[in-house]
Amino acid sequence: MKYYSTRGKSFVNSTAEALLKGLADDGGLFIPEKIEKINFNEEEIERLDYTEFAYKVISTIFDDLDKEKLKTEIEAAYDTFPKDLLPIKNVDNLYFMELFHGKTRAFKDFALSLLPRLIKIAKEENKVDDKTLILTATSGDTGSAAISGFAGVKDSEIIVFYPTDGISLIQRAQMVNSGAENATAVAIEGNFDDAQSALKKIFNDSDFKEKLKSAKYMLTSANSINVGRLVPQIAYYFYSYYKLVKNKEIENGDSVAVTVPTGNFGNILAAYFAKEMGLPIEDFICASNKNNILEDFINTNIYDTHREFYKTNSPSMDILVSSNLERYLSLKSNNASEIESIMNDLKDTGKFEYKHDLNMHGYSCGEEETLEIIDKIYKKSGYVIDTHTAVAVKAAEEYLKENNKKVLIAATASPIKFAMEISKAIGLDLKDEKDAIEKVAKLSNDIEFLKQVDIKDGDEIVIEKENIKKFIEERILC
Ligand SMILES: *Cc1c(COP(=O)(O)O)cnc(C)c1O
């Protein structure tokens with residue numbers, strides 16, 4: 001597979017190269033040159049397990065990676081999941097795709113359990129024997145899932161940067177107390193966008209990359225700009241859809257809507273790829289929290305970052321600059337110079353206008369409302385959802401006022417990860433955060449989790465965002 005950059009000035013000739021580079025040389029993001037349709041026949045729908053669905057989807061795009069290796073690595077990656085790795089819960093017209101049964105209890109485990117293995121294959125194919133240095137900005141869940149995915153992986157070193165505030169006790173514990181020798185978690189004074197833009201600069205800093213190169217390090221990212229994050233996520237939409245077919249909730253071919261609580265736009269973009277690959281998803285519902293820049297963009301075609309930034313109770317969506325949006329805009333307009341120009345506008349003025357139809361529904365949900373929805377669903381059905389998923393429910397409800405369709409909801413995190421908020425929402429009596437975690441774990445039938453994570457504060461490393469580069473140099477190059 002060949003991949004071109006959204007900004008049109010560079011391309012790579014293989015999946016291996018796209019995986020290893022992360023970001024294109026012109027600062028754009030890689031898009032596969034062609035997106036082929038696939039389908040699953042009745043017998044396959046009945047018989048295939050998750051890894052077989054994933055293999056068929058992933059190998060359609062990563063068609064130039066060694067087939068046997070790819071298959072083996074997919075199997076090994078999802079071996080870390082429980083047997084029923086993606087249960088679907090139904091409440092009214094809503095179908096919750098529980099994407100959070102991986103090790104760190106967020107949907108990101110689906111991609112980040114596989115990414116290190118994809119990088120391993122890519123390094124073998126390109127005969128790279130430099131060590132991999134993974135740098136990642138996180139609002140909480142990426143960092144823990146990335147550390148869990150890369151922990152103990154040979155010849156790789158991972159450093160994650162998270163904002164000092166706005167992440168939960170569990171998220172911090174998963175990063176700071178991972179016990180992995182090749183992993184470092186660093187708190188940045190600032191918000192997620194500060195960490196993300198500082199890292200983007202480093203990825204575009206050729207002098208710095210040269211320095212790393214001479215120290216035999218190859219720089220890559222575990223953020224969702226990497227095609228190795230995006231492509232594995234496409235698979236779960238296929239799997240979930242056909243699971244509904246198999247369970248006779250829908251007929252094969254019925255169109256559905258998908259609602260995704262959105263931050264960096266990676267997960268909803270994967271749903272769009274699934275549609276491009278033939279899955280009958282008719283409507284895309286992009287759900288935002290109080291940081292509703294995407295809702296405004298979908299409704300006005302103007303993306304404007306000049307606004308207040310809120311730290312909310314759905315912190316993984318506290319983002320003002322959604323990196324993967326660029327890919328979506330590029331697929332919709334198919335005009336690289338236009339994308340380059342609006343991305344320059346964004347960089348220079350913090351704002352841009354997009355002149356094509358976005359074909360998406362956008363809604364947002366405030367913090368109080370998020371808690372009310374958690375409580376409402378719990379009272380109605382006994383089902384406990386997390387804050388991000390609740391934001392998606394609100395968006396789906398808005399959509400259903402004017403449409404009548406079955407809605408797949410990406411349930412992106414286990415309620416345990418945001419136990420304090422959940423407890424507040426449903427009115428649990430608590431001693432402290434740890435107590436909340438235990439109670440919510442019981443309510444969501446996941447006491448297993450308590451045995452796996454060392455839930456304590458741990459020692460934090462805190463630096464200022466201006467010092468990220470210096471920190472990396474001291475850690476890696478000395
Ligand atoms: C990362 C994350 C999101 C946002 O996903 P994107 O792919 O960045 O849009 C939503 N919910 C949770 C729980 C997350 O961890």
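So how many residues does the range 99-131 have that are touching a Ser or Thr at 6+ places or on another chain (Cβ under 9 Å), outside any helix (DSSP H, G or I), crowded, with 24+ Cβ neighbours inside 10 Å and of a type outside the set (D, E, K, R)?
Of the residues in that region, 7 qualify.
When you go through I58, I45, I35, I31 one by one, which is the residue that is farther than 29 Å from K127 by Cα, among the hydrophobic types (A, V, I, L, M, F, W, C) and in contact (Cβ under 8 Å) with a residue 60 or more places away in the chain?
Numbers: I58 fails: farther than 29 Å from K127 by Cα; I35 fails: farther than 29 Å from K127 by Cα; I31 fails: farther than 29 Å from K127 by Cα.
Going through I58, I45, I35, I31 in turn, just one is farther than 29 Å from K127 by Cα, among the hydrophobic types (A, V, I, L, M, F, W, C) and in contact (Cβ under 8 Å) with a residue 60 or more places away in the chain: I45.
Among what's in the range 150-162 and is more than 14 Å from the ligand (Cβ to nearest atom) and either surrounded by fewer than 24 Cβ atoms within 10 Å (Cβ to Cβ) or not hydrophobic (A, V, I, L, M, F, W, C) (or both), pick the residue that is nearest to D109 (Cα to Cα). Give the derivation first.
Start the filter on the range 150-162 by keeping residues that are more than 14 Å from the ligand (Cβ to nearest atom), which leaves 150-159, 161.
Now drop any that are not either surrounded by fewer than 24 Cβ atoms within 10 Å (Cβ to Cβ) or not hydrophobic (A, V, I, L, M, F, W, C) (or both), which leaves 151-157, 159.
Details: A151: 13, G152: 16, V153: 16, K154: 19, D155: 21, S156: 18, E157: 18, I159: 17 Å.
Among them, the one singled out is A151.
If a residue counts only when it is modelled with pLDDT of 95 or more and within 16 Å of the ligand (Cβ to nearest atom), which helices (runs of 4 or more DSSP H) contained entirely in the range 368-458 have at least 2 such residues? Please lay out each step first, then the result.
Numbers: elements: 387-402, 419-426, 433-443, 448-452.
Fully inside the range 368-458 and qualifying: 387-402, 419-426.
Do we have A235 as crowded, with 23+ Cβ neighbours inside 10 Å, among the aliphatic types (A, V, I, L, M) and within 12 Å of the ligand (Cβ to nearest atom) here?
Working: crowded, with 23+ Cβ neighbours inside 10 Å: yes; among the aliphatic types (A, V, I, L, M): yes; within 12 Å of the ligand (Cβ to nearest atom): no.
No, not satisfied.
Out of A146, A180, report the one residue that is away from the ligand (no atom under 16 Å from the Cβ), at pLDDT 90 or above, among the aliphatic types (A, V, I, L, M) and not in a strand (DSSP E or B). Full working, then the answer.
Working: A146 fails: away from the ligand (no atom under 16 Å from the Cβ).
The conditions single out A180.
So if I check each of E308, E249, E326, which one is acidic (D, E), surrounded by fewer than 21 Cβ atoms within 10 Å (Cβ to Cβ) and more than 18 Å from A195 (Cα to Cα)? Give the derivation first.
Numbers: E308 fails: more than 18 Å from A195 (Cα to Cα); E326 fails: surrounded by fewer than 21 Cβ atoms within 10 Å (Cβ to Cβ).
Just a single option satisfies the conditions, and that option is E249.
Tell me, yes or no, whether the range 217-225 has at least one residue that is within 16 Å of the ligand (Cβ to nearest atom), of a type outside the set (F, W, Y), more than 25 Å from V393 (Cα to Cα) and part of a helix (DSSP H, G or I). Show your work before the answer.
Keep residues of the range 217-225 that are within 16 Å of the ligand (Cβ to nearest atom), which gives 221-225.
Add one more test, that the residue is of a type outside the set (F, W, Y), and what stays is 221-225.
From the residues that got through so far, the ones that are more than 25 Å from V393 (Cα to Cα) too are 221-223, 225.
In the following step, the residues that additionally are part of a helix (DSSP H, G or I) were identified as none.
No; the residues of the range 217-225 include none that is within 16 Å of the ligand (Cβ to nearest atom), of a type outside the set (F, W, Y), more than 25 Å from V393 (Cα to Cα) and part of a helix (DSSP H, G or I).
The values are calculated or read from the model by the stated rules, or taken from the named source; none is laboratory data. Everything quoted here is computed from the prediction, not taken from an experiment. So basically every Cβ, Gly included, is an ideal-geometry build from the backbone, and we count neighbours across all protein chains shown.
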